[in-house]
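A short worksheet on the structure shown next.
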Amino acid sequence: MTDRTAPQLPAATILGYPRIGPLRELKRVVEAFWAGHSELDDLEAQAAEQRRSQRTRLVDLGLAPDDASIPSDFSYYDQVLDAAVTLGAVPPRFAHLLDEDGALDLPGYFTLARGEGDVAPLEMTKWFDTNYHYLVPEIGPRTEFRLADDRVLRLFLEGATEGVTTRPVVVGPVTFLLLSKAVGEQHGEGAAPATAPPAGFTPLDRLEDLLPVYVELLRSLGRAGAPWVQLDEPALAVDWDVPRERVLAAAERAYAVLATETTRPERPALFVPVPYGSAEDALPVLARAGVEAVGLDLVRGAAPSPEVLAQLGDAVVVAGAVDGRNVWRTDLDAALARLQELEAGLPDGAARDGRLCVTTSTSLQHVPYDVGAERALDPQLRSWLAFADQKVEEVLALATALTGGPGAASEAFRTAADRRRSRFEHPGVRREDVRRRVAAIGEEDVTRADFAERAAAQAEVLDLPPLPTTTIGSFPQTSEIRSARARHRAGDLSEEEYTAAMRAEIERVVRLQEELGLDVLVHGEPERNDMVQYFAEQLEGFAATEHGWVQSYGTRCTRPSILWGDVARPAPITVEWTRYAASLTDKPVKGMLTGPVTILAWSFVRDDQPPADTAAQVALALREEVADLEAAGIGIIQVDEPALRELLPLRAEHRPAYLDWSVRAFRIATAVAGLRTQVHTHLCYSEFGDVIDAIDALDADVTSIEAARSRMEVLPELHAAGFARGVGPGVYDIHSPRVPSEDEVAELVGLAAESVHPRLLWVNPDCGLKTRRYEEVEPALRRLVAAAGRVRARL
Ligand code: GLN
Ligand code: ZN
């Protein structure tokens with residue numbers, strides 16, 4: 001079935017490249033455009049310039065300009081949004097943004113991402129188990145698909161005009177539908193998001209209607225002379241609610257249609273990678289359907305067995321041997337060995353004959369651009385790292401070695417081995433003191449007294465009213481706070497001045513909370529730039545970068561810390577700030593820590609030991625902090641784990657082991673707390689289905705969760721699962737600037753009181769307040785306190 005005349009795929013390629021710009025140029029121009037400081041023409045010109053310099057850069061690094069080894073995967077905001085717009089899947093509430101040809105201009109595109117007035121944007125959610133967020137397409141039984149946009153073609157033509165034959169990258173049809181949200185009837189303009197879908201409907205039901213649009217897209221690329229197209233199908237590496245057989249059947253059907261409705265060269269050759277995990281069972285399905293190349297993630301997934309390889313027919317195997325998710329130099333020897341093992345299962349000379357190619361495990365969108373830019377980083381640490389550009393070189397070195405070319409590759413291999421050696425010989429990477437302490441943690445260290453016994457003891461010391469009110473920790477980060485932090489960092493504000501400024505802010509926040517009548521106060525977290533980075537900066541074993549930005553969503557970027565060595569806490573981190581806040585008031589003040597799993601999830605983590613071991617070290621450092629807070633008289637300590645669910649493995653078989661170590665890490669951190677100390681945790685989401693047992697196993701006394709938007713939907717579910725601990729379902733949606741009325745909040749509190757025993761129910765916002773403004777927060781909290789009082793009076 002495979003077309004023998006398919007052009008050869010290059011021996012080395014990458015699945016994607018960062019697109020925010022090495023100095024976050026795209027972020028700046030897009031935000032300037034949003035703010036009305038620049039014209040559309042400027043924005044487009046600068047984006048085109050960035051794409052041009054990116055193509056040049058990749059050619060300079062060694063990717064060939066003429067063989068489709070350079071992906072064209074630019075996006076102004078998000079690749080899933082681009083797919084939705086390309087396929088015409090624009091929800092009717094945005095219909096007014098379409099021109100008479102049904103096309104969306106760039107401002108309209110941004111409106112889908114950001115909303116406008118009463119028109120809610122598309123929802124946003126995590127892209128697989130990464131910290132990147134995509135916009136969720138809304139697909140209903142009547143969504144009309146059509147090729148509504150030519151951005152994919154334009155990107156290809158732009159490269160071609162400049163002599164670079166790129167490989168267009170598009171989210172594949174099965175992944176597109178699996179990532180979409182099912183909706184029902186959708187009403188036009190301004191209306192709230194669509195109604196619920198009909199029972200049993202899933203977007204995958206619409207596959208047949210979607211495929212012709214992909215066929216048309218492929219034709220347009222074929223006509224333009226694109227030799228290859230990359231249709232990403234990461235969803236095939238995930239266990240969905242939809243049965244696996246159905247997912248695989250959809251993949252087979254989809255690619256059979258795409259491969260045969262048009263034939264080469266009327267369409268480009270199809271390269272379908274399945275990044276982010278293993279999907280051994282999907283590869284033969286894709287090959288059988290007739291795609292010219294399949295891609296697999298050799299970093300997260302196992303190498304397919306010889307039996308599977310034997311089923312791949314003529315399909316080219318593109319092996320993701322260089323980690324697209326992490327920043328460590330690849331162990332080239334080990335990666336080459338895996339590739340050779342893979343090659344052994346393929347016909348003789350597979351690599352030389354172009355049947356086996358080398359790539360990255362995922363797009364490089366999850367890593368920063370260039371280690372060379374990190375001038376301030378310790379040179380030794382820097383020498384261990386590979387960002388996107390270095391990873392391109394690694395892919396090239398592996399391809400050269402695999403195809404038998406000597407020379408350049410052996411040099412790269414030698415350097416890689418040297419650097420790895422230096423890394424593992426560094427005394428900070430393996431600290432016996434840390435390891436001894438972790439090894440000494442026994443079952444009794446992670447076990448607290450019975451919940452009932454704790455609850456009784458805490459009720460006595462804390463003496464809180466029923467339905468106690470509190471917040472999740474942060475208060476608005478005002479420009480004064482940011483500027484004080486920046487001046488302190490730049491050395492323009494002395495340590496004393498900085499401390500005084502933060503203390504003044506803490507005092508203000510404490511007074512405000514007293515005045516509002518909240519029951520459990522917080523210090524407001526003014527000193528924290530970021531809930532993970534703040535801790536990383538004060539723990540040994542972590543380093544921060546200067547330019548290591550990665551896209552989180554849209555123009556939002558984060559700069560993950562690098563967890564490179566064994567972790568230890570040289571000194572208390574939060575104790576002084578918390579103690580100071582507590583000294584200002586008679587009300588209880590809640591201490592605030594970021595949990596071990598979240599610290600791991602939002603950092604680049606060492607790859608030389610299982611994450612479970614790293615998590616235990618971080619947890620131990622936090623355990624010391626909990627003990628110190630308790631000793632300082634802090635009676636309530638919250639350990640946030642908003643990323644607990646984010647790291648949940650994509651395949652069900654790996655989930656129990658993950659939940660085991662992540663729960664244990666939380667308990668290492670918190671179980672040191674005495675009977676009377678109340679441990680809280682905060683989880684940023686409201687979908688628990690698969691993790692309720694794990695949340696229960698965290699053994700926290702109180703768990704706050706997001707619940708306002710979903711109107712407490714999660715509570716009956718928690719109740720049914722027998723969850724009988726303190727719970728604080730959010731009653732104020734902090735993701736929106738809207739200030740809810742007292743009635744609205746009271747209604748939500750009332751709803752919550754229907755499924756949670758009043759002794760266990762807390763009243764709090766959905767999440768921290770740092771992104772909100774005081775104009776919103778003050779009235780909202782005032783109403784929250786009043787609403788709690790109203791419901792309390794009815795008890
Ligand atoms: N304590 C943190 C805050 O309030 C929690 C943030 C989060 O859950 N993402 O900001
Ligand atoms: Zn949160």
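Quick note: the coordinates plus some simple rules give every number you see, no bench work behind them. All of these numbers come straight from a predicted model, not from anything done at the bench. Cβ coordinates were reconstructed from backbone atoms using ideal geometry, including for glycine residues, and neighbour counts include every protein chain displayed.
Some points to look at:
- Packing-based ranking, highest mean first, of 301-310, 348-357 given that Cβ atoms within 10 Å are counted: 348-357, 301-310
- Each peptide in 321-333, 34-46, 770-782 receives the mean, over its residues, of other Cβ atoms within 10 Å, and ordering these scores from highest gives 321-333, 770-782, 34-46.
- Extension gain for Ala103 to Ala439 (0.36 nm times residue separation, less C-alpha to C-alpha distance): 114.9 nm.
- Ellipticity at 222 nm from helices only: DSSP H runs of n ≥ 4 in the chain, each -39500 (n - 2.57), divided by the residue count, give -12500 deg cm²/dmol.
- Of every Cα-Cα pair in the range 691-741, the percent that sits beyond 14 Å: 55 percent
- Semi-axes of the equivalent ellipsoid of the range 680-795 are 23, 16, 11 Å, computed as sqrt(5λ) over the eigenvalues of the C-alpha gyration tensor in descending order.
- Summing Cβ point charges (Lys, Arg +1; Asp, Glu -1) relative to the Cα centre of the range 290-407 gives a dipole of roughly 240 debye.
- Derived scalar couplings ³J(HN,Hα) [the range 64-75; Karplus, 6.51 cos²θ - 1.76 cosθ + 1.60; whole Hz; x for Gly, Pro]: 6, x, 10, 10, 6, 7, 9, x, 9, 9, 5, 8
- For the range 747-795, the Rg and Dmax computed from alpha carbons only, in angstrom: 12.0, 34
- Each of Val461 and Glu540 was given a label point 7 Å from its Cα along the Cα-to-Cβ line. The distance between the two points is 3.0 nm.
- Fewest-first ranking of Asp607, Asp613, Asp743, Asp241, using other Cβ atoms within 10 Å as the exposure measure: Asp241, Asp743, Asp613, Asp607
- Contour minus Cα-Cα distance for Leu23 and Thr585 (0.36 nm per residue): 197.9 nm
- Extents of the range 441-542, taken as max minus min of Cα coordinates on every principal axis and listed largest first, are 51, 41, 19 Å.
- Degrees between helix 495-516 axis and first principal axis of the chain (Cα, 0 to 90, nearest 10): 70 degrees
- Mean Cβ neighbour count within 10 Å, used as a protection proxy, ranking 257-265, 76-84 highest first: 76-84, 257-265
- Simple spin-label estimate for Arg511 and Ser741 gives 3.3 nm between the two label positions (7 Å along the Cα-to-Cβ direction from each Cα).
- Rounded Å value of the spacing that divides the Cα centres of the range 247-299 and the range 630-692: 39 Å
- The range 490-645: Cα Rg divided by the 2.2 N^0.38 Å rule of thumb: 1.10
- Full-extension gain in nm, Thr263 to Arg773, via 0.36 nm per residue minus C-alpha separation: 177.9 nm
- Per-pair calculated FRET efficiency, R0 = 30 Å: Ala199 and Arg146 via Cβ, rounded to 0.05: 0.65
- For the range 16-118, the dipole from Cβ point charges (+1 on Lys and Arg, -1 on Asp and Glu) about the Cα centre works out to 520 debye, to the nearest 20.
- Kirkwood hydrodynamic radius computed over the chain comes to 27.8 Å, based on all pairs of distinct alpha carbons.
- Alpha-carbon spread of the range 268-416, three principal axes, descending order, Å: 51, 30, 28
- Nearest-0.05 FRET efficiency for Ala612 and Arg382, computed from C-beta distance (R0 25 Å): 0.35
- Separation of the range 1-53 from the range 371-433 is 27 Å, based on Cα centroids.
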